[in-house]
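This report concerns only the one structure given below.
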Amino acid sequence: MGELIMWGVLSLLVFWILYQAVRIVPQRSNYVVEFLGKYQKTLQAGLHILIPFVQRVAYVQSLKEETIDVPSQSCITKDNIAVEIDGILYLQCQNAELASYGIDDYRYATSQLAQTTLRSEIGKIELDKTFEERDMINASVVQAVDMASNAWGVKVLRYEIKDINPPSTVRDALEKQMRAERERRAVVAESEGNRTATINVSEGQRQEMINLSEAEKLKQVNEAEGKATEIELLAKATAAGIRTIAEAINAPGGSAAVNLRVAEQYIDQFGHLAKATNTLILPSDIGNIASFVGTVTKAMDQIANKPESEA
């Protein structure tokens, strides 16, 4: 029975020694090894053999990118308004030795440094700009924390502000300001619309008046051209008619036809005159129609026989 216990203890001791001697380092991890309490080396990913009781793994550092939630804190802006701001810090351990011996807890240290840097940056700007200058604030925090964390073997990749919470009174004032701004924009937009509509209406009326005046001008020009054309055509027709009458008079029997036509017109006009009024004035030689017709015929002969140049 005693031998079994002894063999059991020896087995456990051998197993423990093997466990301490054989170490498998996972990917993206570093093991910091100490030799009799002093730093000796850093184990990379893979299988390693250590000397039990002399060498030991003192620290295990992950080389993966880490996310640290920076607690919410109260910051005072340049215009003396307290705001609650929280953020997220992204960092990565790049030197396991410095991360193990350069500082006790680099995660806590970088978080505290990010908070103090954030308070300093917020104190440089006014409340209204804290919402607009997030990128600038994030870049300033990353630059300051990364500079300090170089001695710890840690690389700060980025910092992001999650939320900015001003006091309730300030939020109410901001909401009223935004509402007033929206109402102002609405009024301006409406006035611009009315102005544009008025301009469009007046422009349309002006264009309409121009079109009407142009149409009236064209109408008058067309009427004038039509009258001119009418007068010209009438004159040409009259001249042609006169020439035709003259040719007819000069033709054989033309004078007799003219005498007959003048006599008919003379008698016809006296007949109309008698119908139109009760009073009738008669020439003294009304019975001498032949004399009147002869006078007219003589005048027409003179016109017909007049040289072409004099006509």
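Bear in mind these aren't lab numbers, they're just calculated from the coordinates by the rules spelled out. Worth saying up front: this structure is predicted, and the values here are computed from it rather than measured. Note: ideal-geometry Cβ built from the backbone for every residue, glycine included; neighbour counts use all protein chains shown.
Placing unit charges on C-beta atoms (Lys and Arg positive, Asp and Glu negative, everything else neutral), compute the dipole magnitude of segment 38-109 about its Cα centre in debye, rounded to 20. Write out the running numbers ahead of the final one.
Values: 6 positive and 9 negative charges, 113 e Å.
Its charge dipole is roughly 540 debye.
So if I place +1 on the C-beta of Lys and Arg and -1 on the C-beta of Asp and Glu, and nothing else carries charge, what would the dipole magnitude of segment 48-167 be about its Cα centre? I want it in debye, nearest 20. Spell out each step's value before the answer.
Values: 11 positive and 18 negative charges, 89 e Å.
Charge dipole, segment 48-167, about its Cα centre: 420 debye, nearest 20.
Could you tally the net charge around E175, taking each other residue with its Cβ under 13 Å from the Cβ of E175, Lys/Arg +1 and Asp/Glu -1? Intermediate results must be reported in sequence, preceding the final value.
Values: positive: R171, K176, R179, R182; negative: D172, E181, E183.
Taking every Cβ under 13 Å from that of E175, the sum is +1.
Tell me, what HN-Hα J-couplings in whole Hz come from the Karplus equation 6.51 cos²θ - 1.76 cosθ + 1.60 at θ = phi - 60° for each residue of segment 152-164, using x for Gly and Pro?
Here the 3J(HN,Hα) series is 9, x, 10, 10, 8, 8, 6, 9, 10, 6, 7, 8, 10 Hz.
Near S74, within a Cβ-to-Cβ distance under 9 Å, what is the net charge of the other residues, with Lys and Arg +1 and Asp and Glu -1?
Working: positive: R119; negative: E84.
Overall, the nearby charge balance is 0.
Select from C75, A109, A173 the residue farthest towards the positive end of the dipole of segment 63-184; place +1 on Cβ of Lys and Arg, -1 on Cβ of Asp and Glu, and compute about the Cα centre.
Of C75, A109, A173, it is A173.
Looking at this model, which pairs from K41/K155; K78/K162; K64/K155; K78/K155; K38/K64 are more than 23 angstrom apart at the alpha-carbon? Don't jump to the answer; show the numbers that get you there.
Numbers: K41/K155 21 Å; K78/K162 21 Å; K64/K155 11 Å; K78/K155 30 Å; K38/K64 26 Å.
In this structure, K78/K155; K38/K64 exceed 23 Å between Cα atoms.
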